[in-house]
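A short worksheet on the structure shown next.
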Amino acid sequence: MNWAELNPDLLCQIAKKVSDISDFVRLRAVCKQWRSAVHPSTLPPQLPYFIQCIRNNNSSFEFQFHPLYSDKTYHLTVQIFTELEQFTNLYGSFTGFVLLICWKPPKTGLLLNPLTGFQVLLPIENDDIFMPIYFGPNCSHEPSLDENGIDLVCLVANFEPSNGNVVLKWILWRYTDNKWRKITEMHYGHDESVVSYSSGRVYVFSYETRFIRVIDATNGTTVSLLPEVSSGPFDYIVEACGDLIGVRPFVEPEGLDEPESDYRYELYQLKDSGTNPCWAKVNDIGDRMLFHDNQRYWLCLRASDFEGYKGNCIYSKNSVINNSVKCYSVTTEGTTQLHQFHDYNKSTWFLPSLC
């Protein structure tokens, strides 16, 4: 039998059953016929990897990829096409990209897919503070990068020496046709806090009204108001498989000086009854697994989509003192350590994508 002549439709069905991305890549590398028959978009749903940048010079970066609940470690060296001095921060996302940013003047940043080698410089202006809160495919559902581009949402703060004021704003940039375009730029007040970004919406909490404003990121208009948060502002709002969940991490005061202390989480789900929506505290999120990198990036997956995994937990790199990745049980509030890492600022979650 000539394996190169295997029916393309059958090959695609086989590829959809290959859960490990490294095996998927090997399958596509068998021959030209298999590569053309199995498109990268055929890649089945993936779990995030925890990645570290363990060495870099001006022309390349070396990454370590750590799967969940596995002793395997994958190494990958990525060549870059622009001079980037020793970077200070690695930001992760669940969209197939990472950001490498050097805060030392002159500030520079690179958007990178380490698996495909796609890379582009960031539109960092002369901002005193630049904090990315989302980067990845355009906010429309199931987008094509070629058609809709890449979005970058960031918080910016600029100091005005003349009067000592600090100007706060959030900006939506979009990368299409090999250039960045500024889509939306909005100021927000010192009595407000940008909580999160999800699916084309920016969530802004008002300390004065205690309501959360939901803003369309593409035009800056307010589309709705979420109900009052009586217990105080959320640190994050997470879109969790169709529900909105407000998240507030905390550490018991007596645990701040303990090496093994960890964040705990208060979770609130938006209960929308139609006429009287409200936030209800929950200690069970069912089949859902939440992933958090201690920045503003969250991912929600259903455990039932991955054989051997349990839901109702949060995976995070949020140990207070020792650098480790842990699994937090929402119900029992207990933690299990999965991985150790060396440099907090150069490690993060990464959801693999070949597109």
I'm a student and want to see the number: the projected area of the Cα convex hull of region 178-317, averaged over all directions, in nm². 12.0 nm²
With springs only between Cα atoms under 10 Å, which of TRP34, TRP103, TRP298 fluctuates most in a Gaussian network model of the chain? TRP34
A student applying the Cα gyration tensor rule (rounded when a/c is under 1.5; otherwise prolate if a/b is larger than b/c, oblate if not) would label region 133-253 oblate
Suppose all protein chains stay in the model; what accessible area per residue would a 1.4 Å probe give for the chain, in Å²? 49 Å²
Give me the Å³ per residue figure for the convex hull around the C-alpha atoms of region 61-115. 90 Å³
Relative to the Cα centre, what is the charge dipole magnitude of region 29-114, using +1 at the beta carbon of each Lys and Arg, -1 at the beta carbon of each Asp and Glu, and rounding to the nearest 20 debye? 160 debye
Going by average Cβ neighbours within 10 Å, how do the peptides 93-100, 225-232 rank, with the highest at the top? 93-100, 225-232
Directionally averaged projected area (convex hull, Cα atoms, region 162-207), nm²: 4.7 nm²
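Leaving out ligands, DNA and RNA, and with a 1.4 Å probe, what % of the accessible surface on the chain is carbon or sulfur?
Looking at the chain in its full context, I get 49 percent from C and S.
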Compute the FRET efficiency between GLU266 and VAL223 as 1/(1 + (r/R0)^6), taking r as their Cβ-Cβ distance and R0 = 22 Å, and round to the nearest 0.05. 0.25
Distribution of pairwise C-alpha distances over the chain, 10 Å bins, in %: 5, 22, 32, 27, 11, 3, 0, 0
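The values are calculated or read from the model by the stated rules, or taken from the named source; none is laboratory data. In this text, all values refer to a predicted model and were calculated from it rather than measured experimentally. Cβ coordinates were reconstructed from backbone atoms using ideal geometry, including for glycine residues, and neighbour counts include every protein chain displayed. Please note that ligands, DNA and RNA were not included when accessible areas were found on the heavy atoms of the full protein model with its side chains. Shrake-Rupley method; radii C 1.70, N 1.55, O 1.52, S 1.80 Å.
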